[in-house]
Amino acid sequence: MQEIKQKIADNKVRLNQLLKNKDNQKVLDAWLKTELAYTSNAIEGNTLTRRETELAIDEQITSGSKPVKDYMEAINHAKAFEFILEAGKNKTKIDEDFVLQIHKIILSGIDSTNAGFYRSVRVRISGSQTVLPNPLKVPDLMKDFGSWLVQKTDDILIKALEAHYRLVTIHPFIDGNGRTARLLMNAILLENGYGPIIIRSIDRRRYLSALETYQTRGENEGYYRFMLTALNRSLKMMIDLLDVNTKEPTKDMLTISKFAKLCNVPVSSIRYWMSEGKIKPTTFTQSGYALFEKNQMDDVKKLVK
């Protein structure tokens, strides 16, 4: 994992150089507010499109063809993201109370009775073999978790990933555990100069599988690798968004599936070579999907030999 950590460190430097421009910081924060709300909520089953999410956040639209709850989830997530941004600027202590504040915002107006409060009933994750703690144990588990959160560490990346893992494993709330855990993780990353991790909806199954493997078998390597890879990809997306030298997408560019088909190789091979830095997308869509040009076929041919 040292190699991926080095890539993350390099991209962190590049991103922070771009963010010295205050206008870039505003552009990035505005984009992340929508992108994180859309992707994080989509993982939990929210039906809004990216555009509907943006309209709900920017124009407070809570009526349409989708459930009112879905619109409220978008608005609340955006508010929670603003909360962690402000907390980072003010060096707010990230502790148990911080977690409760995030959760309160997430469920505000949706389930105000449980917003910011621990569950008092047993819960289970649908389709998962993970056994969640008895509700009677949750307060003590969260107290211990809060004490762990304020401890210093030499590896902030692993701490952020562990904070996410530990919170979803305690599963202290009746609803909103995943969103709260991802925001907590990203708050730790942002406070330490990293960008947040964007987990795409297409990666939902791999994300949940990596989590469950860690929860049920105690094997964390797959989880760490998945999350670190997602962080590196997220950093590259942010860099491409802000870097004026990055190419603009054109109609002639190919998605990864079309590019793989053109090169007569599996999509998995293209993804692997991307993760290894052996082939680089020409640019990315606004949604973060890789795009390629036909002339990059020569790069693939060299790798196939």
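Cut-off 10 angstrom, C-alpha nodes, Gaussian network model of the chain. Which of Arg233, Arg271, Arg119 fluctuates the most?
Arg271
I'd like the distance between the alpha-carbon centres of the range 169-196 and the range 236-305, rounded to an integer number of Å.
One Cα centre to the other: 30 Å.
For Thr282, enumerate residues with amide H under 5 Å from its amide H, sequence gap 5+ or separate chain, H modeled in the peptide plane.
Answer set, sorted by chain and number: Leu291, Phe292, Glu293.
Per residue and in cubic angstrom, what volume does the convex hull of the Cα atoms of the range 148-253 have?
Working: hull volume 14.2 nm³, N = 106.
It comes to 134 Å³ per residue, whole-number rounded.
Report the Stokes-Einstein translational diffusion coefficient (µm² s⁻¹, integer) for the chain, Rh taken as the Kirkwood radius over Cα pairs, at 37 °C with viscosity 0.692 mPa s. Don't skip to the answer; put the middle values down first.
Working: Rh = 20.4 Å.
Stokes-Einstein gives a translational diffusion coefficient of 161 µm²/s.
Could you give me D for the range 226-277, from Stokes-Einstein at 4 °C and 1.567 mPa s, where the hydrodynamic radius is the Kirkwood radius over C-alpha pairs? Units µm² s⁻¹, please.
Approximately 103 µm²/s, per Stokes-Einstein.
Please give the Cα centre distance for the range 137-161 versus the range 63-89, rounded to the nearest Å.
25 Å
Percent of Cα-Cα pairs more than 14 Å apart in the range 254-304, please.
Cα-Cα pairs of the range 254-304 separated by over 14 Å account for 43 percent.
Quick one: what are the phi-derived ³J(HN,Hα) couplings along the range 238-243, Karplus 6.51/-1.76/1.60 with θ = phi - 60°, whole Hz, x for glycine and proline?
Along the range 238-243, the couplings run 5, 4, 5, 5, 9, 6 Hz.
Filter the cross-link list Lys258/Lys294; Lys12/Lys236; Lys69/Lys159; Lys280/Lys301 down to pairs whose alpha-carbon distance in this structure exceeds 21 Å. It would help to have the intermediate numbers written out before the result.
Numbers: Lys258/Lys294 10 Å; Lys12/Lys236 9 Å; Lys69/Lys159 32 Å; Lys280/Lys301 14 Å.
The pairs that break the limit, which is 21 Å between Cα atoms, are Lys69/Lys159.
Taking the alpha-carbon distance from Lys247 and a cut-off under 12 Å, which aspartates and glutamates remain once sequence neighbours fewer than 8 residues away in the same chain are dropped?
Glu293
Which ³J(HN,Hα) values in Hz, rounded to whole numbers, follow from the phi angles of the range 44-55 under the Karplus curve 6.51 cos²θ - 1.76 cosθ + 1.60, where θ = phi - 60° and Gly and Pro get x?
Per-residue couplings from phi come out as 8, x, 4, 9, 5, 6, 4, 5, 5, 4, 4, 5 Hz.
Taking the range 116-164, how much of its Cα-Cα pair set, in percent, is spaced more than 13 angstrom apart?
67 percent
Taking the convex hull of the Cα atoms, report for the range 190-305 its projected area averaged over all directions, in nm².
On the way: hull surface 35.2 nm².
For the range 190-305, the mean projected area of the Cα convex hull comes to 8.8 nm².
When the chain is treated as a GNM, springs tying every alpha-carbon pair under 10 Å, which of Asp29, Asp155, Asp203 comes out with the largest mean-square fluctuation?
Result: Asp155 has the largest fluctuation of those listed.
Take the alpha-carbon positions of the range 48-123, form their convex hull, and give its projected area averaged over all directions (one quarter of the hull surface) in nm². Walk me through the numbers before you get to the answer.
Values: hull surface 25.0 nm².
Its average projected convex-hull area is 6.3 nm².
For the range 56-172, just the Cα atoms, rotate onto the principal axes and tell me the three extents in Å, largest first.
Principal-axis extents of the Cα atoms in the range 56-172, largest first: 45, 37, 24 Å.
Since every read-out is calculated from the coordinates, none of them should be taken as a lab result. As the structure is a computational prediction, the values presented were derived from the model and not from experiment.
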